[in-house]
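> Below is the structure I would like to discuss, written out as structure tokens.
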Amino acid sequence: MKALGPIPAGFAAIDGELAIDGHKVSDLVERAHETPLFVYSRRMLMEKVAQLRAAMPQRLGIHFAMKANPFAPVLDVMSNLVDGFDVASAGEMTMAFAAGVSPQKISFAGPGKRDSELAAAIHHGVTLNLESEGEAERALAIAAREGRTARLAIRVNPDFDLKGSGMKMGGGAKPFGVDAERVPALARRIIEAAAEWHGLHIFAGSQALSADAIIETQGQTLDLAARLATEIGAPLPHCNLGGGIGIPYFPGDEPVDVAAIGAALEARFAALPDVLRDTRFNIELGRYLVGEAGIYLTRIVDRKISHGEVFLVTDGGLHHQLAASGNFGTVVRRNYPVAIATRFGAPVEEEASVVGCLCTPMDKLAEKAGFPRADVGDLVAIFCAGAYGASASPAAFLGHGPAHEMLV
Ligand SMILES: *Cc1c(COP(=O)(O)O)cnc(C)c1O
């Protein structure tokens, strides 16, 4: 039998059924008329941000990397909780505006920004996190042509990475950011061109569960920021320290000790060098803020036995929840937290695999795990579905269509 990932805190059973904030899953499915369905909890979003704020220095801004969950009602909630949104396309920028986020609170990173995207950001006064010298020149030319002042920051490709991170985004040759040693020259070019110099964006990795690794990376990030600011010869207005705080998805994963990260950062902030004394700092997080606040519900449409193994075949699958199938940034497939939602908390009675309805062997939602006996009509819940679910899965693959989404 293979283990399942840990179910996040905050879920309860009502009448033997999984409930979210007092709503039984069968009632939520009835409200949506159909499965599969993503459900996100407003209360959990609020609690998560509040807990993080309590752990972090007051001076630290918290930004939301909206690619983790761009569902409009979630963006509406997040816009009232965080200090800024990080977007990665003009499309996301438009969605952030629709959620009421003011342009001054938005930064736009991502390689391959088109001229139309640069122009839109400059027009609205959104900060551009520049990914290259070429992009900087295009932004400056567009600003000159439009008679506007571009607000420009440089995304740095640091010469270190976040140890133990699920996705390395810095260190060595990368399509992201400007190599650290070339940053001072580019910053001086921006300042001389009379653009608004916003500062640095240093993102070293994602999905790390070790507080020590994150503390070490934040220390290196602050050292690098200080060194670059000194070489640039101008104060650093802003410094985005990146993110990287992960969530437990798999058996054995433990939650990150954010209190330890906050304490270490507080100590570093108390001893900043002069060049960083007036700098405004923030971190940018996606999955940590929203991942555990969402579940994906799918209904069992068939129960079958093959060579003695039980398969629970659902109406959902990797076309909505690619990450749970193990095909989104993981090397070895391991089980997400998964439960029979209509028998939540019931004892394990059998070993079964939960699969999706796509005609591909990749479409596994839980492999050879222990479950209470489930049958056709039962609902299955995949946890940790609040980030990189609906928007990060190939919904058009095989024509089953998108999932419903709901905020409660
Ligand atoms: C994807 C991304 C994030 C968010 O990553 P999470 O692991 O969801 O926290 C933050 N910043 C940048 C630059 C990213 O590309």
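The values are calculated or read from the model by the stated rules, or taken from the named source; none is laboratory data. These numbers were taken from a predicted model, which means no experiment stands behind them. So basically every Cβ, Gly included, is an ideal-geometry build from the backbone, and we count neighbours across all protein chains shown. Each accessible area value is taken on the protein alone, full model and side chains, heavy atoms only, with ligands, DNA and RNA left out. Shrake-Rupley method; radii C 1.70, N 1.55, O 1.52, S 1.80 Å.
> Would you check which residues across segment 126-145 are among the small types (Gly, Ala, Ser) and buried (at least 22 other Cβ atoms within 10 Å of the Cβ) and list them?
Of all residues in segment 126-145, those among the small types (Gly, Ala, Ser) come to 132, 134, 136, 139, 141, 143-144.
ALA136, ALA139, ALA143 - these are the residues of segment 126-145 that are among the small types (Gly, Ala, Ser) and buried (at least 22 other Cβ atoms within 10 Å of the Cβ).
> Among GLU284, GLU266, GLU292, which is part of a helix (DSSP H, G or I), within 16 Å of the ligand (Cβ to nearest atom), over 21 Å from SER353 (Cα atoms) and open to solvent by 10 Å² or more (accessible area, probe 1.4 Å)?
Working: GLU284 fails: part of a helix (DSSP H, G or I); GLU266 fails: within 16 Å of the ligand (Cβ to nearest atom).
From the options GLU284, GLU266, GLU292, the qualifying one is GLU292.
> Do we have GLY233 as within 15 Å of the ligand (Cβ to nearest atom) and either more than 25 Å from the chain's Cα centre (by Cα) or surrounded by 23 or more Cβ atoms within 10 Å (Cβ to Cβ) (or both) here? Quick ask: steps written out before the conclusion?
Numbers: within 15 Å of the ligand (Cβ to nearest atom): no; either more than 25 Å from the chain's Cα centre (by Cα) or surrounded by 23 or more Cβ atoms within 10 Å (Cβ to Cβ) (or both): yes.
Against the criterion (within 15 Å of the ligand (Cβ to nearest atom) and either more than 25 Å from the chain's Cα centre (by Cα) or surrounded by 23 or more Cβ atoms within 10 Å (Cβ to Cβ) (or both)), GLY233 does not qualify.
> Of the residues that make up segment 195-212, is at least one in contact with a strand residue (DSSP E or B) (Cβ under 9 Å, 6 or more places away or on another chain), away from the ligand (no atom under 15 Å from the Cβ) and of a type in the set (D, E, K, R)?
Scanning segment 195-212 turns up at least one residue that is in contact with a strand residue (DSSP E or B) (Cβ under 9 Å, 6 or more places away or on another chain), away from the ligand (no atom under 15 Å from the Cβ) and of a type in the set (D, E, K, R).
> Also, I was wondering about something else. What is the number of the single condition among (1) surrounded by fewer than 17 Cβ atoms within 10 Å (Cβ to Cβ); (2) in contact (Cβ under 8 Å) with a residue 40 or more places away in the chain; (3) part of a loop (DSSP other than H, G, I, E, B) that ASP302 does not meet?
(3)
> While we're on this one: State which residue pairs qualify: first residue assigned to a helix (DSSP H, G or I) and inside segment 88-106, second residue of a type in the set (Ser, Thr, Tyr) in any location, beta carbons under 8 Å apart, and separation of 6 or more residues or different chains.
ALA90/SER116; ALA96/SER79
> Could I ask something else about it? Just to be sure before I move on: is LEU297 more than 16 Å from the ligand (Cβ to nearest atom), open to solvent by less than 20 Å² (accessible area, probe 1.4 Å) and assigned by TED's automatic domain parsing to the domain that holds SER165 in the structure I sent? Before you say what the answer is, go through the steps one by one.
Working: more than 16 Å from the ligand (Cβ to nearest atom): yes; open to solvent by less than 20 Å² (accessible area, probe 1.4 Å): yes; assigned by TED's automatic domain parsing to the domain that holds SER165: no.
Spelling it out, it is not the case that LEU297 is more than 16 Å from the ligand (Cβ to nearest atom), open to solvent by less than 20 Å² (accessible area, probe 1.4 Å) and assigned by TED's automatic domain parsing to the domain that holds SER165.
> Based on what the data block shows, is VAL156 within 18 Å of LEU118 (Cβ to Cβ) and within 16 Å of the ligand (Cβ to nearest atom)? First the steps, then the outcome.
Numbers: within 18 Å of LEU118 (Cβ to Cβ): no; within 16 Å of the ligand (Cβ to nearest atom): yes.
It is false that VAL156 is within 18 Å of LEU118 (Cβ to Cβ) and within 16 Å of the ligand (Cβ to nearest atom).
> Let me ask you something else. Go through segment 146-173 residue by residue and tally those that are open to solvent by 20 Å² or more (accessible area, probe 1.4 Å), touching a strand residue (DSSP E or B) at 6+ places or on another chain (Cβ under 7 Å) and at pLDDT 90 or above.
2
> Given the criteria at pLDDT 95 or above and within 20 Å of GLY246 (Cα to Cα), does MET95 qualify? Can you show your working first?
On the way: at pLDDT 95 or above: yes; within 20 Å of GLY246 (Cα to Cα): no.
Spelling it out, it is not the case that MET95 is at pLDDT 95 or above and within 20 Å of GLY246 (Cα to Cα).
> List the number of the failed condition for GLU216; all other conditions in (1) open to solvent by 10 Å² or more (accessible area, probe 1.4 Å); (2) at pLDDT 95 or above; (3) within 16 Å of the ligand (Cβ to nearest atom) hold.
In the conditions (1) open to solvent by 10 Å² or more (accessible area, probe 1.4 Å); (2) at pLDDT 95 or above; (3) within 16 Å of the ligand (Cβ to nearest atom), GLU216 misses (3) alone.
> Moving on to the next point. Just checking, does segment 54-69 include any residue being modelled with pLDDT of 95 or more, of a type in the set (S, T, N, Q) and under 16 Å from the mean Cα position of the chain (by Cα)?
In the first step, residues of segment 54-69 are kept if they are modelled with pLDDT of 95 or more; the result is 54-69.
Imposing the further condition that a residue be of a type in the set (S, T, N, Q) reduces the set to 58, 69.
The next check asks that each one be under 16 Å from the mean Cα position of the chain (by Cα); those that pass are 69.
The answer is yes; a qualifying residue exists.
> What number of residues within segment 88-119 satisfy the criterion of being surrounded by 18 or more Cβ atoms within 10 Å (Cβ to Cβ) and over 21 Å from the mean Cα position of the chain (by Cα)?
Number satisfying all stated conditions: 3.
> Can you name every residue in segment 53-69 that is within 12 Å of the ligand (Cβ to nearest atom) and open to solvent by less than 40 Å² (accessible area, probe 1.4 Å)? Let's see the steps before the verdict.
Our first condition is that a residue be within 12 Å of the ligand (Cβ to nearest atom); within segment 53-69, this holds for 62-69.
Answer for segment 53-69, where residues must be within 12 Å of the ligand (Cβ to nearest atom) and open to solvent by less than 40 Å² (accessible area, probe 1.4 Å): ILE62, HIS63, PHE64, ALA65, MET66, ALA68, ASN69.
> Yes or no: segment 340-354 includes at least one residue that is farther than 22 Å from ALA12 by Cβ, at pLDDT 95 or above and open to solvent by 60 Å² or more (accessible area, probe 1.4 Å).
Yes: segment 340-354 contains one or more residues that are farther than 22 Å from ALA12 by Cβ, at pLDDT 95 or above and open to solvent by 60 Å² or more (accessible area, probe 1.4 Å).
> If you don't mind, there's one more thing I want to ask. Mind listing whichever residues of segment 1-42 are more than 18 Å from the chain's Cα centre (by Cα) and in a helix (DSSP H, G or I)?
VAL25, SER26, ASP27, LEU28, VAL29, GLU30, ARG31, ALA32
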